[in-house]
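Q: Structure below; questions to follow.
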Amino acid sequence: MKITKHISIIVWLLISSFAVAQVKFEAKVSKQKLGVNERLRIDFEMNKDGDNFNPPSFSGFTVVGGPNQSVSNSWINGVRTYKKTYSYFLAPKKRGTFTIAQASITIDGETYKTTPVKVEVTAAVDIPKDPNDPSYIASESIHLVAEVSKTDPYLNEAITIVYKLYVSPKIAVDNWNELDSPRYNDFWSQNINTQGQKVQNGTYKGEDYRYLVLRKTVLYPQKTGKLNIEPLTLDIAMRVPTNRRDIFGSRLMTRVNKTISAGNKTIHVKSLPEAGKPIDFTGAVGSDFRLNVSASKTELDATESLQIKVSVKGKGNLKLFKLPKISLPSSLEVYEPEHKEQIKTNLTGMQGSISDSYTVVPQYKGKYPIPSISFSYFDLKTERYKRLSSEEIVIDVLNGPSSNNASSDNAAVSNNKQAIVLNSDQFAFIKTKTNFSSINPTYFFKTKAFWSLVILPFLAIPLAIVIRNRKASRDADVYGNRIRKADRLARKYLKGAKKSLGQKEAFYIALEKALHNYLKAKLHIETSDLSKDKIINLLKGKQVAEEVINDFVSIIESCELARYTPIDHVTMQEDYEKAAKTISLIDKQAR
């Protein structure tokens, strides 16, 4: 009996010592199934201390907290228990079933790995309203709101979207960063500067809040129908009060990370009415437009120049339509117009003026009428089309040749034609006799050709020296070589676009592709998911001048806009030249 008892004790001690020596490293999750709006906690526990802990990639999740490390030591009945834990807090990115891969650690020279864990993410669930839960307090105390000025605009009518962050006075925001920026597909967009905005007091759902305007954007829809505005999503770090108090009775704060979104916005864009649409309508939409056609002078001499200016002033989509062209007599030499824009953009949209200034040079004296031109637009106030017309202008050329001089001279010549009289001496200029001379043999030695070939190599030596020095000087000209290289690069990328000049769709597709290929090669990035803001930030990081960046972005916008507006050959040529110049400048300036 005693022997059996001693054997049992020995077996128990052996089992206990083996259990103590057994290394455990495992992953534990707070739940196997959760909603997309919930958080998941995962703990990596070990019973012996180790080194080189490597967490998994957490594919399908965003790490919003951690790693947090905790260690505990305890003695129970003389047995030591050790536990070390690495904790992470995860937010699901989307619905689905995800596998959290293995974590690894080195203990006593050996590598241990956890077992992969499967987690199912379902649709959003109702979160219990626990007033003492910091996460619930955070969700009830901070809100990101997108305010849209109008949800049913006309095509090319300006709307604004303002993003406001409302924060309850009882919590404190430490910082935030954008997880996802909105993309305005099928809109012409322009951001309004919000730097220097101050925190203001206001109300949200009847309660007092502080709020900050994060972003203001003016949008002009370029397509009719149902358009979607993607949400702005922020990751915010904040401090919220708990139900614990310090020794002075003040509430203790705890740090919470929260992901909030402004939500999708749907815009229903109405098409412009077909009834009453003028033939010369080119897409101008706005109000209070005024057309003005003026000449710098109406009396001048031939070969002098004057400027004829066509301008439209008002409030509307000024950058999204073309001005009407003037029609001039063929005897007036007209140069391509100089386009100018004086536009300001605020929350009500674009307002200002655009103009085309033509340089005209008359060749002959006389009076030349410049016919009236018309401009049509859709008036948003009356929701009807309006047509504006200019007055006729007469240009009086006082001094210069008459336009019919050449024709009158030709007429005089034709009227004074006389019959040709033949005489017997009409072939007298033809020689009928010749003198023959003998050919004496000559020798090449000591001839002019001989001496030229002898002296020529000696003359070529200084010429070769000059060419060599110039080549060395050109090779040493780093800046000049960079300019030449940049110009060749621009021609290389825009070769395809140049072939398609005159074909609007093919040209702008090729131009946009060339710009994106250039960014891939220059910045070593993929451009498929880049927004305009990211392109601007990348180019600024390369120390490219802001004016050049703006030109680059405007060309990309022109490529997008070309799908919805009529484009002439002159505009395509201007966009091509502007793209070549901009690529060349970026290549010169980028560091």
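Q: Within the set of other residues whose C-beta is less than 13 Å from the C-beta of Glu45, count the net charge using Lys and Arg as +1 and Asp and Glu as -1.
A: Working: positive: Lys24, Lys28, Arg41, Lys48, Lys83, Lys84; negative: Glu26, Asp43, Asp49.
My count for the surroundings of Glu45 gives +3.
Q: Then there's this: Between Lys542 and Asp208, how high is the FRET efficiency from 1/(1 + (r/R0)^6) when r is the Cβ-Cβ distance and R₀ = 45 Å? Nearest 0.05.
A: The formula returns an efficiency of 0.50 here.
Q: Give the calculated FRET efficiency between Ser250 and Ser70 to the nearest 0.05, with a Förster radius of 41 Å applied to their Cβ-Cβ distance. Mind showing how you got there, number by number?
A: Values: r = 26 Å, r/R0 = 0.64.
In this case the efficiency is close to 0.95.
Q: Taking 7 Å along the Cα-to-C-beta vector as the label spot, tell me the Val145-Ala590 distance in nanometres, rounded to one decimal.
A: 4.3
Q: Could the peptides 193-200, 385-392, 224-231 be put in order, highest first, of the mean number of other beta-carbon atoms found within 10 Å of their residues? List each step's numbers first, then the result.
A: Working: 193-200: 8.9, 385-392: 13.9, 224-231: 15.6.
Order by mean packing, descending: 224-231, 385-392, 193-200.
Q: Next up: Can you give the local net charge around Arg239? Use residues other than it whose beta-carbon is closer than 9 angstrom to its beta-carbon, Lys and Arg +1, Asp and Glu -1. Intermediate values should be presented prior to the final figure.
A: Details: positive: Arg255; negative: Asp174.
That sum, taken over residues with Cβ under 9 Å, equals 0.
Q: Shifting gears a bit: So, in nm, how far is label His268 from label Glu110 when the simple model puts each one 7 Å beyond its Cα toward the Cβ?
A: Between His268 and Glu110, the simple spin-label model gives 6.9 nm.
Q: What full-extension length gain, to one decimal in nm, is calculated for Thr345 and Ile192 as 0.36 nm per residue of separation minus the Cα-Cα distance? Walk me through the numbers on the way to the answer.
A: Values: separation 153, 0.36 × 153 = 55.08 nm, distance 0.75 nm.
Between Thr345 and Ile192, full extension yields an extra 54.3 nm.
Q: What is the calculated FRET efficiency for Ser374 to Ser287, with r their C-beta to C-beta distance and R₀ = 22 Å, to the nearest 0.05? List each step's numbers first, then the result.
A: Numbers: r = 18 Å, r/R0 = 0.83.
Here the calculated transfer efficiency is 0.75.
Q: Quick one: length gained pulling Leu459 to Asp551 fully straight, 0.36 nm per residue minus the C-alpha distance? Don't jump to the answer; show the numbers that get you there.
A: Values: separation 92, 0.36 × 92 = 33.12 nm, distance 5.12 nm.
Full-extension gain reported as 28.0 nm.
Q: Another one. Within a Cβ distance under 15 Å of Val397, other residues only, what is the Lys/Arg minus Asp/Glu net charge?
A: Numbers: positive: Lys297, Lys365, Lys367; negative: Glu299, Asp301, Glu304, Glu333, Asp396.
Computed value for this residue: -2.
Q: Oh, and also: Full extension from Ala506 to Ser473: what is 0.36 nm times the residue separation minus their Cα-Cα distance, to one decimal in nm? Working shown, then result.
A: On the way: separation 33, 0.36 × 33 = 11.88 nm, distance 4.25 nm.
Length gained between Ala506 and Ser473: 7.6 nm.
Q: Continuing with the same structure: Hey, if you drop one equal point scatterer on each alpha-carbon of the stretch 76-208 and run the Debye formula without solvent, what base-10 log of I(q)/I(0) do you get at q = 0.09, 0.16, 0.21 Å⁻¹?
A: For the requested q values the scattering log ratios are -0.57, -1.18, -1.41.
Q: Quick check on the stretch 134-269: what does the Kirkwood estimate of hydrodynamic radius come out to from the alpha carbon pairs, in Å? The partial results should precede the final answer.
A: On the way: mean 1/r = 0.0606 Å⁻¹.
For the stretch 134-269, inverting the mean 1/r across all distinct Cα pairs yields 16.5 Å.
Q: Among the lysines, which fall within straight-line cross-link reach of Lys495, defined as a Cα-Cα distance under 22 Å, with same-chain neighbours fewer than 8 residues apart omitted?
A: Hits, sequence-local ones excluded: Lys485, Lys504, Lys513, Lys520, Lys522, Lys578, Lys581, Lys588.
Q: Let me ask something additional. In nm, to one decimal, how far is the Ile279 label point from the Asp396 one, both placed 7 Å along Cα→Cβ?
A: The modelled label-to-label distance comes out at 3.4 nm.
Only the coordinates and a few stated rules stand behind these numbers; no lab work does. Everything numeric here is computed off the predicted structure, so don't read it as measured data. Neighbour counts are summed over all protein chains in view; Cβ atoms, including those assigned to glycine, are modelled from backbone coordinates with ideal geometry.
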